[in-house]
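Every number in this text was worked out from the coordinates using simple rules, so none of it is lab data. None of the values given here were measured: they were computed from a predicted structure. Cβ: placed from backbone, ideal geometry, glycine included. Neighbour counts: every protein chain shown.
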Amino acid sequence: MPPDIANLTFDEALAELQRTVAELEAGGGPLEASIAGYERGVALHERCAVLLADAELRVRRLVERAGGALEAVELRSDDEALPDGQG
Amino acid sequence: MSRRDPPSARPGGDEPPDWALPSWDALPEDEPAPRATRPVPATETSEALIRPRPGLIPDQFRPAILGVTEVTHVIRDAVRADERLRDVWVEGEVGRVTISSAGHAYFTLKDERSQLSCIWFRDDRLVSPFEPRTGLRVVAHGRIDVFDQQGVYQLYVSSVQPAGFGDLALRFEELKARLAAEGLFDAARKRPLPLRPAVIAVATSASGAVWHDIRHVLERRWPLAEVVLAACQVQGEPAPTSIVAALARIARYAEGCVAAGRPADAPVVTILARGGGSLEDLWSFNDERVVRAIVAHPLPLVCAVGHETDVTLADFAADVRAPTPSAAAEIVVPDRVQVAAGLAAEAQRLTGVAQRTVSAARRELDAERRALDGLRPADRLAQARERAGVLLDRATRTVLEQLGMARAAEQRAEARLRPIVAIRLGAAHASLDAGAAALAVLGPQATLDRGYAIVRRSDDGRILRRADDARAGVMLTIRLAAGELGATSDGPLEPG
């Protein structure tokens, strides 16, 4: 069972789309399989296009916790003034 | 030019020509202009007193008396002939600086015992980023020449740099040579950058314009990414340690993500960046510790320090050198618009292959219909069916099943494809309707080849379908895959 397309990253979806197209172009499979492949290809393409159109850059900052553990903390405001060399 | 006019500049026509401006400290302001040492002959008599009468003393014993200009030219020629004076670097402290209204700078260079007057012409001075000021230690480059009208020698300056620059430059070259010899700058150890990084680490100052610029470029070009800042100081004495620590944090974080089973969160490329600044500001990026941290960094690293013309050892050590921090961000990610275009091309290929698949299926059906058309008129078809008879039923069923499957698949396909690809399958369906009749194409021979036989009554040629069609004694003709047999019926074995 192929993974749910909605959970694929852009790279995963694009890689599978390229693979699918290559397989379809090679031909040889039964019509039924070709159609299923095409259908999945269309969904993969849509997934990629949506990711491209709707993506928002995630911005985080590495912060060092007591004991040396590192955490990437979400940054929102565009121009947060933060001291350098900490965290 | 007015920006550099000395406060003492006299207004308007009072101003002396450039060459007459005081140009060195030692000359007291009130001292009269140097006089020609040779008395000016006022009369024939005084001339006669000084000059020996020709003929009285042989020429070779006469003292050689030269004109001022001649002496000056002798000195000038001697100065110009000395290669050491043609291309000199002179280090010293800047004395008083005067800038004429024409924009030329006059100053002296001093050390404990001597001083040297210098002139720096406007064109050279204006392109220099550095301006000599009284009290600064500088290194001036130029040539020594003699200025006839004032009878002075001076340094004609081509460039001026702060003293100590030479030390820095020397240290830079020495370290560069040493690290290069270790192979730290080898092209062979440069790693390729990932194509579409999901997580990008940035080591820079959190408060500067650089971090802001990098974020905005990433936002515009490839917002699918995540950017993780490891803030560090990028100038001053603590900067090298801070940069090294930031790179180490990035490495440790990436490792931690993988170890925690979240490899997708781990940064896959690092940008090390700093905005423009003076040579001293950028010096942290020539620090050996920073260079070694870059080389040891586990992720491919793009370095962008200062402006395009600034080159640091960090740039040499990095996997990729970007001319500016914004350019580093552009190098690291693809452009969303271009990727979208590539994606559209992929969709085009997908649609193309679907269209070809469907039209190939349609062509097969069309071929069958054409074959069927070839079998008309109907009586020929009927005759053929009659000949094939019951033995074809089986084949008919089989092929009908196959056709039915293909047809069902096409119907499903069309339902799926309709919204996206406008393919009309109507024609294919029409030919499918005639699909049953197309079986005649197969003819009886194929069935006979598989070991079946066709049995007819010899008298009227009717094909036998029921046992009681041939009571005992009826003459039969049996058609085999090759040839026919004559036979006589023994009658039905069981009553039909």
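Once you have the Cα-Cα distance between B:Ser458 and B:Ala367, take 0.36 nm times their residue separation minus that, and quote the gain in nm to one decimal.
Between B:Ser458 and B:Ala367, full extension yields an extra 29.0 nm.
Taking the Cα of B:Leu493, stepping 7 Å toward and past its beta carbon, and measuring to each backbone N in the stretch B:452-475: which are under 13 Å?
Under cut-off, by backbone N: B:467.
Mind giving me the FRET efficiency for A:Glu32 and B:Ala467? R0 is 45 Å, r the Cβ-Cβ distance, nearest 0.05 is fine.
0.55
What ranking, highest mean first, results for peptides B:219-225, B:183-189 when packing means the other Cβ atoms within 10 Å averaged over each residue?
The densest-packed peptide leads the list: B:219-225, B:183-189.
Just to be sure I understand the model, the point goes 7 Å from the Cα along the line to the Cβ. What's the resulting B:Ala248 to B:Val127 distance in nm?
4.6
Can you compute the modelled spin-label distance between A:Arg58 and B:Arg196, with each label point 7 Å from Cα toward Cβ, in nm?
1.6
Quick one: if you stick a label point 7 Å off each Cα along the C-beta vector at B:Leu480 and B:His216, how many nm between them?
If labels sit at B:Leu480 and B:His216, their model points lie 9.3 nm apart.
Rounded to the nearest 0.05, what FRET efficiency do A:Ala69 and B:Arg292 have when you use their Cβ-Cβ distance and R0 = 30 Å?
0.70
Between B:Glu308 and B:Arg62, what FRET efficiency comes out of the Förster formula 1/(1 + (r/R0)^6) with R0 = 51 Å and r the beta carbon distance, rounded to 0.05?
0.15
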